[in-house]
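A quick write-up on the structure given underneath.
The values are calculated or read from the model by the stated rules, or taken from the named source; none is laboratory data. Note that the structure is predicted; figures quoted are calculated from it, not measured. Here the Cβ is made from the backbone with ideal geometry for all residues, glycine too, and neighbour counts use every protein chain on show.
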Amino acid sequence: MRLDDHPTVLKVRATEAPPATPDPLDAAWLKKLCLEAGADDVGFVAIDRPEVADQKADILSILPETQTLISIVSRMNRDAVRTATRSIANHEFHETYSSVNEAARHIVKALEAKGIPALNAVAAFPMEVQDFPGKSWPISHKPIAEAAGLGKMGFHRNVIHPKFGNFILLDTILIGRAVTEESKALDYSPCVECKLCVAACPVEAIGPDGSFNFSACYSHNYREFLGGFLDWTEQVADAKDKHDYREKVSEGEVVSMWQSLSFKPSYKAAYCVSVCPAGEDVISPYLEDRVGFADRFVKPLQQTAETIYVLPNSDAETLVPSRFPAKTTKQVRWNISANDIFSYLFNITLTFQRRKAGDLDATYHLRVTGDMPLDATITITRRRIEIEFGLTGEPDLTIETAPETWMAAFEEGFSLEKALTSGEMKLDGPADLFHRLAACFPTYGDIERELA
Ligand code: B12
Ligand code: SF4
């Protein structure tokens, strides 16, 4: 059959084209559409805004027609997120992820019906997890929500809405149209810097200096997500028999993993969100009685008897017994693998332990030899780490090393002496500074590489 005679083609050609939608779209009309679809608040950001410049290429690879980003938020019910009974909090997280996605789907459907290219970039999972441990999320919603005036990232790095506080989840819709009026970023942060999030987090992922300890949150809160699941499967694989397995993994942990796999994965904490008093709808009880607020919302989480998953030689491992006597720690492995020196260097920014760094104030020049030589400067000062490519500043210690030797350097059983004797590593400066650097990181899993 000729294409011109095909029934679909005949029908389409006989149908009158839908009336053209205005271009740019009317912002008031679009806002009404989003709120009616179930969003609790909404803002619009043009693709050319500087706040999203670093995401532009990723966004256009997802929907090349994109001209505007619609940022939407869904409110979570506060008491559900606050309770120490975390199954209830987890249900609230999951339901809100569903509602923000559902609102986005309705908006996209309505826009598509008007011939406007539109796509929901998805609030959270599924993500491109096959790219793990690389960046697996297609879009970062937080900077877009900030640009859309829907809040600012607080001390705990979650976006705090001026009215709803941090009891919101975010999503972004990409559309192939400009909008008559864009949203502006807030000119203040709703965060009141009370640091209740610091006090509540069982692994001090939120540092009192505003730093974020990625590996602490990821190892505990995300025990039943990506990395924790990998670790659990390896424990199954490594167990000699059921008795050995039962020694490694308790019955409670196994059924909890079953629950996460059967329903939706459960966060172990997310306490930073639970205790935050910021936002117009949230702050009154805190203003009336700060101590009472902490007693009511922070203390029960601090006093919950629970297992806290920690990396060996991490700040959390040291802190939990003294700060939270009701909680017990269990060591788990860090398993965001790094097969090349670039990802290894990135990895150490995720695993840096600020308390272990103590008063270390040193600059390291790292010279990696081999097929892909690389120079980098690692600076540790005031309990923060910075890594720059190239050699800058005066080094306190220069480390020249084969790539495999560097990648094994923070692993259990590493011998500096052996590496120096074999010539795989050379130091120019005090060896003590090498040990102090290594001590700033958790002890990684078992070494599978044999040093010559
Ligand atoms: C990666 C991620 C995480 C990571 C990193 C958290 C973080 N601070 O960024 C982990 C697994 C630890 C995490 C934890 C949680 N998350 Co989360 N997470 C994301 C995700 C997928 C991307 C975040 C992002 O944009 N990061 C980049 C920049 C913008 O953030 P950043 O803070 O400057 O960057 C840090 C890390 O991302 C990391 N990093 C930066 N680049 C890269 C690259 C790689 C490869 C890796 C591994 C890490 C990494 O280093 C930075 C400093 O530590 C978003 C969903 C999405 N698609 O946007 C949800 C999101 C940020 N998470 C959310 C929530 C609610 C949580 C939790 C409360 C758990 C939960 N119940 O869902 C905790 C809170 C932890 C905290 N206080 O930040 C919400 C936040 C809502 C809000 N009001 O802002 C989001 C927006 C999901 C959503 N759709 O609503 N999350
Ligand atoms: S708990 Fe306090 S310090 Fe932490 S984000 Fe909320 S307002 Fe800011």
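Scanning the range 138-151 for residues that are farther than 10 Å from residue 43 by Cβ and in a loop (DSSP other than H, G, I, E, B) gives 138, 139, 140. Scanning the range 146-159 for residues that are within 12 Å of ligand 2 (Cβ to nearest atom) and among the charged types (D, E, K, R) yields 152, 157. Might you let me know whether the range 187-196 holds any residue that is within 24 Å of residue 82 (Cβ to Cβ), touching a residue at least 24 places away in the same chain (Cβ under 8 Å) and polar (S, T, N, Q)? Looking for residues that are within 24 Å of residue 82 (Cβ to Cβ), touching a residue at least 24 places away in the same chain (Cβ under 8 Å) and polar (S, T, N, Q), one finds at least one in the range 187-196, hence yes. Among the listed residues 190, 143, 162, identify the single one that is crowded, with 17+ Cβ neighbours inside 10 Å, near ligand 2 (Cβ under 10 Å from one of its atoms) and under 30 Å from residue 28 (Cβ atoms). Result of the check over 190, 143, 162: 190.
Evaluate the range 176-192: report whether one residue or more is touching a Gly at 6+ places or on another chain (Cβ under 6 Å) and among the β-branched types (Val, Ile, Thr). No, the range 176-192 contains no residue that is touching a Gly at 6+ places or on another chain (Cβ under 6 Å) and among the β-branched types (Val, Ile, Thr). Entry remark, the range 152-173: residues being part of a loop (DSSP other than H, G, I, E, B) and in contact (Cβ under 8 Å) with a residue 60 or more places away in the chain number 8 in total. Within the range 328-350, the residues that satisfy the criterion of being within 11 Å of ligand 1 (Cβ to nearest atom) and either among the aliphatic types (A, V, I, L, M) or modelled with pLDDT of 95 or more (or both) are 336, 338, 350.
Among the residues making up the range 366-397, those that are of a type in the set (Asp, Glu) and either modelled with pLDDT of 95 or more or assigned to a strand (DSSP E or B) (or both) are 375, 386, 388, 394, 396. One residue stands out among those in the range 91-112 that are more than 10 Å from ligand 1 (Cβ to nearest atom) and hydroxyl-bearing (Ser, Thr, Tyr): the one that is nearest to the chain's Cα centre (by Cα), which is 98.
Residues in the range 428-443 that are surrounded by 15 or more Cβ atoms within 10 Å (Cβ to Cβ) and in a helix (DSSP H, G or I): 433, 434, 436, 437, 438. Entry remark, the range 179-208: residues being of a type in the set (Asp, Glu) and within 13 Å of ligand 1 (Cβ to nearest atom) number 1 in total. Across the range 138-154, not a single residue is classified as in the same structural domain as residue 45 (by TED's automatic domain parsing), among the hydroxyl-bearing types (Ser, Thr, Tyr) and touching a strand residue (DSSP E or B) at 6+ places or on another chain (Cβ under 6 Å).
Just one of the listed residues (176, 134, 115) is at pLDDT below 95 and either in the same structural domain as residue 277 (by TED's automatic domain parsing) or more than 14 Å from ligand 1 (Cβ to nearest atom) (or both), namely 115. Residues considered: 419, 402, 376. Of these, the only one that is of a type in the set (A, V, I, L, M, F, W, C) and out of contact with any Leu (no Cβ under 8 Å at 6 or more places or on another chain) is 402. Would you check if residue 39 is part of a loop (DSSP other than H, G, I, E, B) and touching a strand residue (DSSP E or B) at 6+ places or on another chain (Cβ under 7 Å)? Yes: the conditions hold for residue 39. In the range 115-137, the residue that is farthest from the chain's Cα centre (by Cα) out of those that are of a type outside the set (A, V, I, L, M) and surrounded by 16 or more Cβ atoms within 10 Å (Cβ to Cβ) is 117.
Elements of the type helices (runs of 4 or more DSSP H) sitting completely within the range 221-304 and holding at least 1 residues that are over 21 Å from residue 158 (Cα atoms): these cover 226-238, 242-248, 251-262, 284-288, 290-297, 299-302.
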